[in-house]
Structures are given as structure tokens and as C-alpha cells.
Amino acid sequence: MAGKITISIIKADVGGFVGHGDVHPALIETAEERLAGAKADGLLVDYRVGKAGDDTSLIMTHDKGVDAEPVHKFAWDTFLAMTEAAKKYKQYGAGQDLLSEAFSGNVRGMGPGVAEMEIEERPSDPIICFLADKTEPGAWNYPLFKIFADPFNTAGLVIDPKMTDGFSFEVQDLIKKRTVMLSCPADYYALLMFIGAPSRFVIKHVFRNIDDLICAATSTQRLSLLAGRYVGKDDPVMIVRAQSGLPAVGEVLEPFAMPYLVSGWMRGSHHGPLMPCSFRYSHPTRFDGPPRVTAYGFQLADGQLVGPRDMFDDPAFDRARAKCNEVTDYIRRHGPFEPHRLGLDEMEYTTMPKLMERLEDRFSPTEE
Ligand code: F6R
Ligand code: MG
Ligand code: MG
């Protein structure tokens, strides 16, 4: 197929089954039906429905570019239709991520998360869509750094001439709402300075330095910052391209062998290890967790999504999952104490201000 193709993941939690743990099949059916219609009408080239915990991802290919109003409007209307199904079955928190009354232009800032990239499809273009639950967009900082900047993770950074010039990272400051481009290896340390604080700085896109090829895109919405009140964590998604002058599929998956700590989990207020899961196990249970990530692998074929392959359905990740359970046992024993519970600055974006307000009168100045 000549021309460009856009890969869009637009995701939302529009009701949990049971509690905040999974998505009811009726909601998935609603999404499937609508997506099939959009494909038949020519809006979409192809689609798949993905899920992680209580979040549904509409994985779509089309030729409308990023931020395309018809695609975003379609996703928004799909989440509305799913919300109706959620209400019918009294699913928990029906419509929880749809923060606006009405659609205006695109879904950014309205609740759903979005990761999109417009690409020139390569002769063979493997992509991996990562979907996470019970965590936040900054959760992608660690693996993206490992994949595209760490030669101890990605042998290609040392061995493949197309990669030795490195990669550039577009980093967003979620608080000050500004963006900086940092290029590795030159800005290696500066990049770590920022992305090591994943609740504030998040990697939005990654580009290959020799030709500016787009390699990765993430969702960066933070619902708590959007809504001005606690509405849960943002359960992010990410698209990564692989192979042939980019990190290999195995190099893209490798960082998840280490169940690194993320924030999210119970009430969006705890640190915990990110567990790489097969589709079958991508629904959090224990203490509403631990946070999960699942990986949908596709080969693109003229915009068709050939797949998915369930990339974490492999005993090679068993040790990561076992370690995750071990860390879970340990960190859970801290109960409401930091660093299991998030620090106070992070709690500012949750229910902390309300609780503080209630006790305000009982404070008096401390005697020196
Ligand atoms: C975290 C999450 C859950 C809920 C928890 C309380 O992102 O979705 O851990 O925060 O189950 O939920 P509510 O307040 O709805 O009872
Ligand atoms: Mg939920
Ligand atoms: Mg969720």
C-alpha cells in the first residue's frame, strides 16, 4: 500500500468487572461490533480490541493521521456505547474515564488515553502494543530508556550501524506542560535526570537519530491532573516498532524481565512491581494489583494488523513474575507507610487535600 498509515491506540476504563479488575465481555462485544462497522465504512483499515485490567484499548490503523477528528470521535462514541452496556450490567464505575459532557475535536484532555504514530510502513514492520493497568504514563520511562539508550539491554546500540548514532527522546513535563527533546548518547545523563522522576516527566515519543524515524509513542494523559480531583491512575499504553535498524523484538521485551517499581496499584496511591502478563492473566486481583503490563505483537501488512501474538505468554518471563510476587509480599508489609504508599507530594493529586482540610482546625503552631 502506498502512502502513510497511522496506528492509534485510544483507551479508556468505562466500567470494571468485578470492581476495578477486568472488562465484561458485553463491553468488548460492543467495541468489536462498532470497530467492524468502522472498518466496513472505510474509516479504519484494521483494528483489534485489547485489554489490560479494567481498561479497553481500541487498537486501530487508518490513513487519517494523528489527532484525526473522525477517528477520535469514533473512539469517543464507542466508549459511550460501551458505557451504556456497562450501565446495563451495573459494571463498576461505568463511564469513569469520560470526563467531558460532549466531544470537541479530539479525545485529548477528555479522559481517554491516546498513543498514536503516523508511519511509512517498512517492507516488514513488527510493532508491539503495550497495555498496562494500575499504573501511570511515566511507567514507560524505564523500559523506553533501556530499549533505546542502554547498550546493556540493547546489543544493537553497539552492533547495528543504523543504531549507533542513537535515539532522541521527546520528554513532557506534565506539571509545567512543556516539552524537551533529548538525544542519546549525548544527553544520556540529562535524560535520566528528568525521566527518573516518572510522575512528572514522561517520554512521549522516541525517534532514530540517523533519519528521525518514529520508533515509539506513549499515552501521557494524567487523569488526576486533568480532572483536578482523584479519578484513578491513567493506565497507560505504548506503541513500539522493532527490528531492521531498530531494537529487536527481544530487546524491546527485555526490560520487562526486571519487575521494576511503578506508582499506581491500590487507589492509585502505592508503589509496586510491574508484572508482565499473558492476556489470560492481565487482570489485577491482589490489593487491586500488582500493576500489570501485557504486550500485543503485530506484523503490519499494508495497514492490516496481523496478530496479535501474546508476547509475555512465555516461561522466559516466569522468573520476573515470581520476583514480582516476592516483592509484593515484602512491600505490602509496609501497609500505609511510605515508600509503599506514595510520598505526600504525589498524594496531593489524590484525596490528601480533602483529608487535610478536615483536620486543619486541630493544628496549632509548634513551640520552638
Ligand atoms: C486504582 C483502582 C482501584 C481503586 C480502588 C478503590 O487505579 O482503580 O485500586 O482505586 O478499588 O476504588 P473505589 O474508590 O471506586 O471504591
Ligand atoms: Mg476502574
Ligand atoms: Mg484501569
Report summary line: Taking the range 263-283 and keeping only residues that are over 18 Å from residue 16 (Cβ atoms), open to solvent by less than 10 Å² (accessible area, probe 1.4 Å), within 16 Å of ligand 1 (Cβ to nearest atom) and not small (Gly, Ala, Ser), one is left with 273, 274
Requested in this report: Looking at (1) more than 17 Å from the chain's Cα centre (by Cα); (2) open to solvent by less than 30 Å² (accessible area, probe 1.4 Å), find the lone condition where residue 73 falls short.
Outcome: (2)
Query - Leading residue by the ranking (surrounded by the most Cβ atoms within 10 Å (Cβ to Cβ)) among those in the range 132-171 that are among the polar types (S, T, N, Q) and either in contact with a strand residue (DSSP E or B) (Cβ under 7 Å, 6 or more places away or on another chain) or within 23 Å of residue 223 (Cα to Cα) (or both) - result: 135
Report summary line: Quick count over the range 298-316, residues being closer than 15 Å to residue 249 by Cα and either touching a Leu at 6+ places or on another chain (Cβ under 8 Å) or in a strand (DSSP E or B) (or both), is 9
Report task. Give the residues of the range 345-368 that are open to solvent by 90 Å² or more (accessible area, probe 1.4 Å), within 21 Å of residue 138 (Cβ to Cβ) and either hydrophobic (A, V, I, L, M, F, W, C) or not in a loop (DSSP other than H, G, I, E, B) (or both), sorted by residue number. Result -> 345
**Report entry** Single match in 295, 322 (criterion: small (Gly, Ala, Ser) and assigned to a helix (DSSP H, G or I))
**Finding:** 322
**Report entry** the range 5-57, residues that are within 19 Å of residue 303 (Cβ to Cβ), within 15 Å of ligand 3 (Cβ to nearest atom) and not hydrophobic (A, V, I, L, M, F, W, C)
**Finding:** 50, 57
Query raised in the report: In the range 279-292, which residues are within 16 Å of the chain's Cα centre (by Cα) and in a loop (DSSP other than H, G, I, E, B)?
Result: 282, 283, 284, 290, 291
Requested in this report: Could you tell me whether the range 301-312 includes any residue that is buried (at least 19 other Cβ atoms within 10 Å of the Cβ), within 16 Å of ligand 2 (Cβ to nearest atom) and under 24 Å from residue 49 (Cβ atoms)?
Outcome: no
Query raised in the report: How many residues are β-branched (Val, Ile, Thr) and either part of a loop (DSSP other than H, G, I, E, B) or closer than 19 Å to residue 15 by Cα (or both) when one looks only at the range 111-129?
Result: 1
Report task. Determine which single condition residue 245 fails, assuming it passes every other condition in (1) surrounded by fewer than 20 Cβ atoms within 10 Å (Cβ to Cβ); (2) within 16 Å of ligand 1 (Cβ to nearest atom); (3) small (Gly, Ala, Ser). Result -> (2)
Report summary line: In the range 88-111, anything within 16 Å of ligand 1 (Cβ to nearest atom) and in contact (Cβ under 8 Å) with a residue 40 or more places away in the chain is listed as 91, 92, 93, 94, 95, 96, 97, 98, 99, 111
**Report entry** Only listed residue being away from ligand 1 (no atom under 16 Å from the Cβ), open to solvent by less than 30 Å² (accessible area, probe 1.4 Å) and either at pLDDT below 95 or over 17 Å from the mean Cα position of the chain (by Cα) (or both), chosen from 174, 192, 213, 223
**Finding:** 174
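The values are calculated or read from the model by the stated rules, or taken from the named source; none is laboratory data. Since we're looking at a predicted model, the values are computed, not measured. Cβ sites come from the backbone with ideal geometry, for glycine too, and all protein chains shown count toward neighbours. Protein only, heavy atoms only, side chains kept; ligands, DNA and RNA dropped before computing areas. Shrake-Rupley method; radii C 1.70, N 1.55, O 1.52, S 1.80 Å.
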